[in-house]
1. When you scan the range 18-51, how many residues do you find that are more than 15 Å from residue 126 (Cβ to Cβ) and crowded, with 16+ Cβ neighbours inside 10 Å?
2. If you scan the range 83-98, which residues turn out to be in contact with a helix residue (DSSP H, G or I) (Cβ under 8 Å, 6 or more places away or on another chain) and free of Cβ contacts under 8 Å to residues at least 60 places away in the same chain?
3. Looking at this structure, is residue 33 more than 26 Å from residue 96 (Cα to Cα), touching a strand residue (DSSP E or B) at 6+ places or on another chain (Cβ under 7 Å) and part of a helix (DSSP H, G or I)?
4. Being touching a helix residue (DSSP H, G or I) at 6+ places or on another chain (Cβ under 7 Å) and part of a loop (DSSP other than H, G, I, E, B) is the filter here; which residues of the range 44-82 pass it?
5. Yes or no: the range 105-114 includes at least one residue that is more than 21 Å from residue 6 (Cα to Cα) and either surrounded by 13 or more Cβ atoms within 10 Å (Cβ to Cβ) or touching a residue at least 60 places away in the same chain (Cβ under 8 Å) (or both).
6. Since residue 43 meets every condition but one in (1) modelled with pLDDT under 95; (2) more than 15 Å from the chain's Cα centre (by Cα), which condition does it not meet?
7. Could we say that residue 85 is at pLDDT below 95 and either assigned to a loop (DSSP other than H, G, I, E, B) or farther than 29 Å from residue 11 by Cβ (or both) here?
8. Taking the residues in the range 7-33 that are under 18 Å from residue 78 (Cα atoms) and in contact (Cβ under 8 Å) with a residue 60 or more places away in the chain as candidates, determine which candidate is nearest to the chain's Cα centre (by Cα).
């Protein structure tokens with residue numbers, strides 16, 4: 001699938017935005033409509049391996065995700081197993097006056113029937129909606 005880059009402005013401090021959007025252990029509590037289940041497999045320093053059930057566009061993706069963080073400026077997610085194996089998501093956090101600019105670079109990879117279920121634009125739109133939900137949480 002295609003590589004996608006998009007930006008979001010969130011009216012909140014960079015540290016707060018970073019904490020909310022990288023706290024995968026809390027995803028199923030704050031965004032259960034997108035993350036019905038997460039299970040931490042291991043944590044070593046700024047690297048974590050997490051089993052995640054991700055709902056996008058009415059479809060469930062079961063993935064094994066490696067999270068690598070450089071607080072509070074960078075979060076990289078490598079999907080190392082499951083329905084989207086090979087996907088790489090980089091999120092950069094830029095502090096602006098009274099807000100944070102997220103720059104997301106996403107290289108989607110889907111296999112099998114999951115690939116057929118999504119048009120070229122559907123996944124980026126669905127992922128963007130999820131980031132909007134994170135923004136609402138951070139802004140409140």
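1. So the answer is 11.
2. Scanning the range 83-98 gives 83, 84.
3. Taking the combined requirement at face value, the residue does not satisfy it.
4. 57, 71, 72, listed by residue number.
5. Filtering the range 105-114 for residues more than 21 Å from residue 6 (Cα to Cα) gives 111-114.
Now drop any that are not either surrounded by 13 or more Cβ atoms within 10 Å (Cβ to Cβ) or touching a residue at least 60 places away in the same chain (Cβ under 8 Å) (or both), which leaves 114.
Looking for residues that are more than 21 Å from residue 6 (Cα to Cα) and either surrounded by 13 or more Cβ atoms within 10 Å (Cβ to Cβ) or touching a residue at least 60 places away in the same chain (Cβ under 8 Å) (or both), one finds at least one in the range 105-114, hence yes.
6. (1)
7. Working: at pLDDT below 95: yes; either assigned to a loop (DSSP other than H, G, I, E, B) or farther than 29 Å from residue 11 by Cβ (or both): yes.
Taking the combined requirement at face value, the residue satisfies it.
8. In the first step, residues of the range 7-33 are kept if they are under 18 Å from residue 78 (Cα atoms); the result is 18, 21-25, 27.
When the remaining residues are screened for being in contact (Cβ under 8 Å) with a residue 60 or more places away in the chain, the result is 18, 21.
Numbers: 18: 11, 21: 7 Å.
Across the range 7-33, the extreme among qualifying residues is 21.
The values are calculated or read from the model by the stated rules, or taken from the named source; none is laboratory data. It should be emphasised that the depicted structure is a prediction, and the values quoted were computed from it without experimental measurement. Here the Cβ is made from the backbone with ideal geometry for all residues, glycine too, and neighbour counts use every protein chain on show.
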